[in-house]
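Notes follow once the structure below has been shown.
The values are calculated or read from the model by the stated rules, or taken from the named source; none is laboratory data. Because the structure is a prediction, the values reported are computed rather than measured. Please note: Cβ atoms are built from the backbone with ideal geometry, for glycine as well, and neighbour counts cover all protein chains shown. Remember, those area values only see protein heavy atoms, side chains included, never the ligands or the DNA or RNA. Shrake-Rupley method; radii C 1.70, N 1.55, O 1.52, S 1.80 Å.
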Amino acid sequence: VSAGLTFDIVIKLLPGEAGYKLSFQRSFDDRPYDILLPNLQGRAENLRKRLSVLLNPLRRHIGLVQLKLDEAQTKRAAGYLDRLGYGMLALLLEGSGRRASDIMPELAEFLLPVFLSRPGPSPPIVEIEAAALDALAWRIPFEFLPIAPLPNPQLNEREGLERFLGFRALIGRSLRGGPSELHPDASGRVPVHLFAHAGEELPGIKKQRLYLGNNAAIVTAWPSKTSVPDVFEGVSQLAERLLSLPPPVRDNAIRGIAHFSCHYMAGGPDANGGYVAEPAFGFGQCTDGSDLVISIFELRGELEARQALGSRAQFAALFFLNACETAASSHDDTLLGFLQSRSATAIIGSETLLPDQLAGEFAIEFYREFLRSAPIGKAVLNARRRLLELFSNPVGLFYTFYGNPALQVSRVN
Amino acid sequence: MPTMHNATSSNENSDNEDNNDAAEQIQRQTERMFKYLVLYRGTMIELFQGWTARRQNAVDEVLNVLKAIPRKQDPEDTAKEYRNLLVASMRRLGADAFDTWFHGILLAQRNLRTMQKNFGEQAQEMSQDMKENTGFDFTKPMKESVVDGVRDVLAIREPVNYEGVIALDIARFNESAIGWEKPDGRVARLQRGEAYELHVQFAPDKLLIGSPARGVVKSIDIRDGDDQPKMIPFRLLVDFGFIELSPEERTVTVPRDRASTVELFPFSVPSAKQQSSSYSADVTAAVGGRLPPDERLQPEISVSVYQHGRYLETCVLPIAVPT
């Protein structure tokens with residue numbers, strides 16, 4: 001039992017002399033399934049750094065505009081995901097003398113009772129456990145492993161995607177316990193700080209803005225088309241807005257959501273064989289006509305400089321970073337690392353480039369549950385499943401949640 | 001919306017009611033048993049620990065499950081946890097665990113008073129007694145109903161074939177018409193604060209499609225499953241489209257060869273909400289002053305259809321609500 005939840009499966013990485021032991025533990029009988037990984041350290045880091053690029057074939061297959069995949073496209077999407085899951089495990093296993101093709105079915109068999117005992121609306125809860133100084137386990141995208149049981153008989157290709165863990169379980173990567181409550185305002189609506197692209201109106205971004213406007217309390221919306229004269233001023237304004245996020249109610253309770261729907265470029269190699277020097281947000285244009293591109297480096301520097309002058313603020317909000325590659329770590333200066341260094345403990349980010357309309361659909365499906373006080377782990381899972389149900393589209397797996405999966409909006413009496 | 005008739009015959013209704021009663025009885029008895037298990041968990045652990053049974057692996061399994069679940073505030077929640085683990089346990093160990101669980105649980109239930117009173121000094125004696133009485137003379141109906149109940153839980157749920165449609169319509173509460181605005185994508189205009197009913201009906205063919213009075217009609221086709229059952233089970237998940245209204249779930253069984261009864265889902269459109277003043281100004285500025293003051297994302301009512309946990313279809317009914 002951790003952070004208010006009873007976990008059904010706990011995944012741990014235990015360091016030892018001969019490398020790491022990856023352990024899947026069933027909570028109901030405490031039995032472990034252990035895999036020795038002698039060369040994990042460097043491989044897990046590299047895997048995470050390459051994940052965005054590794055997802056490219058699937059991302060290209062899904063496309064930028066189309067929401068609904070037909071049967072053939074869905075079958076191929078499952079094929080891409082199989083390659084990714086098996087390839088990932090094979091890479092981690094190298095040097096262990098074991099094969100992914102043996103381990104995967106064994107692991108599925110081991111976890112089968114947990115899934116059978118959690119049918120329908122009560123899916124299993126998985127905790128990826130990490131020691132305070134070693135968050136390596138969090139860096140492995142277990143969501144892509146095909147280790148959940150398939151429906152039998154399988155009625156269509158969409159049901160073939162049900163075998164991936166990310167579609168079948170609530171997965172938590174708890175950050176120091178993470179907050180478990182999000183307090184609404186006095187009227188019962190959740191305060192949202194909106195950081196949305198202010199240039200050309202993209203349909204997915206517009207839909208998110210309208211949905212949040214209708215169903216939450218948007219406290220601030222930044223930037224505006226007329227408020228940012230140039231990039232230098234833009235960095236200051238964004239830092240100012242972030243510093244003005246409200247402090248936590250108490251240790252485990254936060255007050256609002258910081259929702260980003262904009263462009264983001266992770267640093268490092270890009271999907272087209274190029275290279276992006278610095279990770280940065282893209283928010284449209286400044287009034288001087290230049291692109292409003294704010295690098296994480298500059299933002300970090302601005303915040304540190306202000307802090308040296310006496311401003312101190314924690315990022316005590318749920319950060320939904322609904323932009324491309326916001327959870328990626330292909331560069332040493334990552335957005336995730338930046339937010340975590342500022343004490344953000346509940347973050348939803350994306351692993352690769354996201355089509356605008358699918359990003360919009362995912363956000364709305366997520367908020368549809370989360371704003372009704374569903375635990376965030378369940379809201380993320382159901383948003384993934386909903387896109388699968390409605391469009392046979394596995395794009396929800398591109399999102400990763402870091403934090404306590406029990407975080408939920410407190411009800412107002 | 002025209003009145004929809006229930007075409008199920010009275011005999012079938014009677015059979016269904018009997019079946020439902022039996023199922024409910026089994027469900028009640030099973031729930032009672034698990035609640036009992038939750039309340040006397042500690043005693044049960046001690047009891048099983050002292051029980052040197054022939055089926056040692058099954059006893060170990062039972063002990064593991066009993067110890068695994070922390071007790072929750074709500075006995076019903078804990079009972080659900082137990083039930084889930086029990087199902088997993090039985091799937092793994094088969095009949096041995098199955099027998100052990102139910103002998104133990106039912107024996108303990110029968111001896112509740114004795115256990116409470118004599119536990120301690122006489123524990124060993126009780127364990128011996130249990131050991132010798134694995135063929136305990138349970139009250140037969142109780143045992144059978146519990147066993148049937150658990151078999152039902154364990155049964156692999158084959159898909160049940162159905163070829164037909166689901167039709168949605170909407171009406172004012174206790175009235176029949178809503179006034180569809182057909183040229184504009186069949187949008188139904190609703191008023192805030194007013195009460196309505198969502199009507200959901202299944203029918204076995206495509207006759208409903210194209211019927212001018214219908215709201216939204218969508219096909220439901222399941223073809224690779226079982227053809228035998230005359231009544232087809234579905235689970236409906238209704239989202240009324242307003243964040244203030246919780247989604248509603250309902251399990252229904254519909255006849256294979258005729259239209260089902262109309263399922264009614266009453267709801268009230270929430271009253272208008274206050275918008276924070278800074279929002280309009282900020283957002284209007286964010287899009288360069290182009291945001292019309294009344295621009296809204298229109299809600300929609302959706303009904304998702306599942307069978308045995310499998311998603312089948314979502315039927316969407318667009319609505320318009322004036323700001």
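May I ask you to derive the relative contact order of the range A:121-224, considering only C-alpha pairs under 8 Å and at least 6 residues apart, and to give it as an integer percent?
Values: 109 pairs, mean separation 25.0, N = 104.
With pairs under 8 Å counted, the relative contact order is 24 percent.
If each residue of separation counts as 0.36 nm, what is the full-extension length gain between A:Asp34 and A:Ser236 once their alpha-carbon separation is subtracted?
Values: separation 202, 0.36 × 202 = 72.72 nm, distance 4.92 nm.
The A:Asp34-A:Ser236 span can extend by a further 67.8 nm.
Counting only protein heavy atoms and a probe of 1.4 Å, the accessible surface of the range A:285-389 is 46% carbon and sulfur.
Label positions at A:Glu71 and B:Ala195, each projected 7 Å from the Cα along the C-beta direction, are separated by 4.6 nm. Once all protein chains are placed together, A:Lys206 keeps about 70 Å² accessible to a 1.4 angstrom probe. Counts of other chain beta carbons within 10 angstrom of each beta carbon in peptide A:210-220 average 6. The 3J(HN,Hα) values that the Karplus relation (6.51, -1.76, 1.60; θ = phi - 60°) gives for the range A:301-306 are, in residue order, x, 4, 5, 5, 4, 5 Hz. Gly and Pro appear as x.
Taking a point 7 Å out from the Cα of A:Ala135 in the direction of its Cβ, the residues of the range A:173-194 whose backbone N falls within less than 13 Å of it are A:173-178. Per-residue SASA remark: A:Asp70, around 80 Å² accessible (1.4 Å probe; ligands, DNA and RNA not included).
B:His199 contributes an accessible area of around 20 Å² to the protein surface, as traced by a 1.4 Å probe with all chains present.
Net length available on complete extension from A:Ala305 to A:Glu200 is 34.5 nm, with 0.36 nm assigned per residue and the Cα-Cα distance removed. Of A:Ser341, A:Ser373, the order by accessible heavy-atom surface (1.4 Å probe, DNA, RNA and ligands excluded), from most exposed downward, is A:Ser341, A:Ser373.
Let's test the formula: R0 of 60 Å, r as the Cβ-Cβ distance of B:Ala272 and A:Glu94. What FRET efficiency results, to the nearest 0.05? Provide the component values of the computation, followed by the final result.
Numbers: r = 61 Å, r/R0 = 1.02.
Efficiency, from the Cβ-Cβ distance: 0.45.
Per-residue accessible area (protein heavy atoms, 1.4 Å probe) orders B:Val216, B:Val303, A:Val219 as A:Val219, B:Val216, B:Val303, starting from the largest. Full extension of the chain segment joining B:Val316 with B:Asp205 gains 38.0 nm, where the gain is 0.36 nm per residue of separation less the Cα-Cα distance. For the pair A and B, the buried accessible area comes to roughly 3900 Å² in total, with a 1.4 Å probe and the value rounded to the nearest 100. Across A:Glu389, A:Glu302, the residue with the most accessible area heads the list, and the full order at a 1.4 Å probe is A:Glu302, A:Glu389.
Please report, to two decimal places, log10 I(q)/I(0) for chain A at q = 0.06, 0.10, 0.12 Å⁻¹ as given by the Debye formula with identical point scatterers on the Cα atoms and no solvent. Cα-only, vacuum Debye calculation for chain A: -0.23, -0.66, -0.97.
How large is the accessible surface per residue of the range A:180-259, computed with a 1.4 Å probe and reported in Å² as a whole number? Intermediate results must be reported in sequence, preceding the final value.
Details: 2860 Å² over 80 residues.
Accessible surface, normalised per residue, equals 36 Å².
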